[in-house]
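Down below is the structure, laid out as structure tokens.
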Amino acid sequence: AYKEELRMVINYMIERRCLFSDSGATLAESIYGFKRSRISSKGNLDGIRDEDRIRAAFIVSFWPYLKGRLDSYYERLRHERMQESQCTHVNITSEDRNVKSDLIGKIRKTVLYLYPFLHMSH
């Protein structure tokens with residue numbers, strides 16, 4: 001039931017461990033021999049701070065989780081939209097809809113419109 005969340009937590013723990021190791025890089029970065037560093041105000045390369053390591057581990061592990069969730073939500077909305085367009089015998093009048101369902105409908109419509117552009121940019 002919580003397979004994706006468990007995968008995200010395990011990925012976070014692995015990435016955090018790699019970032020706090022001597023390599024100072026994520027797992028993928030350490031495979032290629034990269035190392036994270038911070039540019040000081042004087043232009044020198046310094047090591048990254050602990051807060052930066054935690055933040056990087058969170059972003060590296062949370063983004064794929066969020067992307068997967070958004071992908072599945074978009075596919076579900078698209079599937080529902082296709083089913084609704086095939087069901088022409090159901091006629092809902094404007095009196096039957098309430099404000100909450102209108103707001104949810106607008107959010108769904110916005111997600112269906114914008115998500116392909118967000119997906120394309122990743």
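The values are calculated or read from the model by the stated rules, or taken from the named source; none is laboratory data. Everything numeric here is computed off the predicted structure, so don't read it as measured data. Heads up, the Cβs are rebuilt from the backbone with ideal geometry, glycines too, and the neighbour counts pull from every protein chain shown. In case anyone asks, the SASA skips ligands and DNA or RNA and just uses the protein heavy atoms, side chains included. Shrake-Rupley method; radii C 1.70, N 1.55, O 1.52, S 1.80 Å.
Laid out as a table, the results:
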| item | result |
| --- | --- |
| Test result for Ile54, open to solvent by less than 90 Å² (accessible area, probe 1.4 Å), in a helix (DSSP H, G or I) and aliphatic (A, V, I, L, M) | yes |
| From the options Leu70, Leu77, Leu27, residue that is in contact (Cβ under 8 Å) with a residue 40 or more places away in the chain and of a type in the set (A, V, I, L, M) | Leu70 |
| Filter result for the condition that a residue is loosely packed, with under 13 Cβ neighbours inside 10 Å and not basic (Lys, Arg), over Gly47, Gly68 | Gly47 |
| Scan of the stretch 20-46 for residues that are part of a loop (DSSP other than H, G, I, E, B) and among the charged types (D, E, K, R), ordered by number | Asp22, Lys35, Arg36, Lys42 |
| Hey, Ala25 among the hydrophobic types (A, V, I, L, M, F, W, C), at pLDDT below 95, farther than 23 Å from His119 by Cα and open to solvent by less than 50 Å² (accessible area, probe 1.4 Å) or not | yes |
| Qualifying positions in the stretch 84-97 - modelled with pLDDT of 60 or more and either open to solvent by 90 Å² or more (accessible area, probe 1.4 Å) or in contact with a Pro (Cβ under 6 Å, 6 or more places away or on another chain) (or both) | Glu84, Gln86 |
| Unique match (being open to solvent by 60 Å² or more (accessible area, probe 1.4 Å) and either over 27 Å from Phe117 (Cα atoms) or touching a Pro at 6+ places or on another chain (Cβ under 6 Å) (or both)) among Ser30, Ser37 | Ser37 |
